[in-house]
Amino acid sequence: MRCKRCGRDANVHIRAHNIALCAEDFLSFLERRVSETTRKYGLISKGQRALVCVSGGKDSLSLWYILNNIGIEADGFHIHLGIGAYSDKSLSKVEQMAERLARKVHVTFLQKTLGQGIAELAKRLKRQTCSLCGTLKRYLMNRVAIEKDYDVLVLGHNLDDEASALLGNILYWRKEYLWRKHISLEGIEGHLAKKVKPLFLISEREMASYAFLRGIDYVTDECPYAAGAKTLLYKELLNRVEEESPGTKIRFVMGYLAQAGRDGEKRERQFCKLCGYPSYAERCVVCRILERFGTGRPVAFEVYPRTG
Ligand code: Q46
Ligand code: ZN
């Protein structure tokens, strides 16, 4: 197969777009799509301070690289979840990318803040690990953005993540979550940072090809708690449909965006008395966890690379 742009041997065939490209043209094709999506949906405006949430996986690290490569200067934010070697490896990949980009990354360690890793904490709180992890991640990323004065939080969710979450929400008619998956969620001054997802329309496979061809070194192991998650099943199902009918996933999420309007999420207008995070109760759930398990120190965001 030949590259549609230059006629050289093609390295990547994107069935959903019915296009084959060589490595070089694929990299610029994908970066251009991120750039166009960012502009079309007003995700990050000129001069805004952007903070990318980086897990150490291919999507978030590639996104961080792409943004800086298309002229959007962005720093990183990483949470060390205290999941043994998996968390240490993730941090080292993130730090490596920070050095490559010459950008800083803010890092918070659950063990330092709460005296234990995510699994132990979930056990003591009698909560599911991933549900607690999601709560803490959303809280901490918001808190660092507000405290460090970033205008927009950038998330690395790709097309497959969004399509599978959407399918799950429709299958069970979880109306309270259904319209909260928009590509851009506005913030509330002083309380909630704006959140955007520039990879919303780019598939997992395309991101894997991008990371490989760009030589991005990422954690390949899955988080040990991801196994058995329903979203993995939905991804598999959607991949089977996509195989038979290329372009289904992108049409599915584009249709959703068309229905969802500018910002589908209804925001709470009450805030935690202690930290200002949206909360129906006087103290938000994380402030209550911090009070019970916190080490007595405020949540610390350390800056890496340490020599930077
Ligand atoms: S990191 Fe956290 Fe995921 Fe691991 S504990 Fe679950 S939610 S699986 S994206
Ligand atoms: Zn609070």
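We did not get these values from a lab; they are worked out from the coordinates using the rules stated. No experiment lies behind these values; they were computed from the predicted model shown. We place every Cβ from the backbone using ideal geometry, glycine too, and count neighbours over all the protein chains shown.
Antiparallel beta bridges, as assigned by DSSP with both residues in the chain, represent about 40 percent of the total such bridges. Computed from Cα atoms alone, the Kirkwood hydrodynamic radius reported for the range 16-111 is 14.6 Å. FRET efficiency for the pair residue 5 and residue 36, taken as 1/(1 + (r/R0)^6) with r the Cβ-Cβ distance and R0 = 25 Å, rounds to 0.90.
Loop-located GluC sites (Glu not before Pro) across the range 10-109 with a Cβ neighbour count of 16 or fewer within 10 Å are 73, with loop assigned by DSSP. Partners of residue 181 within straight-line reach, counting lysines whose Cα lies under 18 Å from its Cα and excluding those fewer than 8 residues away in the same chain: 40, 137, 194, 195, 197, 230, 235, 249, 266. Using R0 = 45 Å, the C-beta based FRET efficiency linking residue 291 and residue 232 works out to 0.85. Once the mean of 1/r is taken over each pair of separate Cα atoms and inverted, the range 164-298 shows a Kirkwood hydrodynamic radius of 18.2 Å. Spin-label model, residue 172 to residue 13: label points 7 Å out along the Cα-to-beta-carbon direction sit 3.8 nm apart.
The alpha-carbon positions of the range 45-304 define a convex hull whose volume is 135 Å³ per residue.
Rounded to the nearest 500, the 222 nm mean residue ellipticity of the chain from helices alone is -14500 deg cm²/dmol, with -39,500 (n - 2.57) taken per DSSP H run of at least 4 residues.
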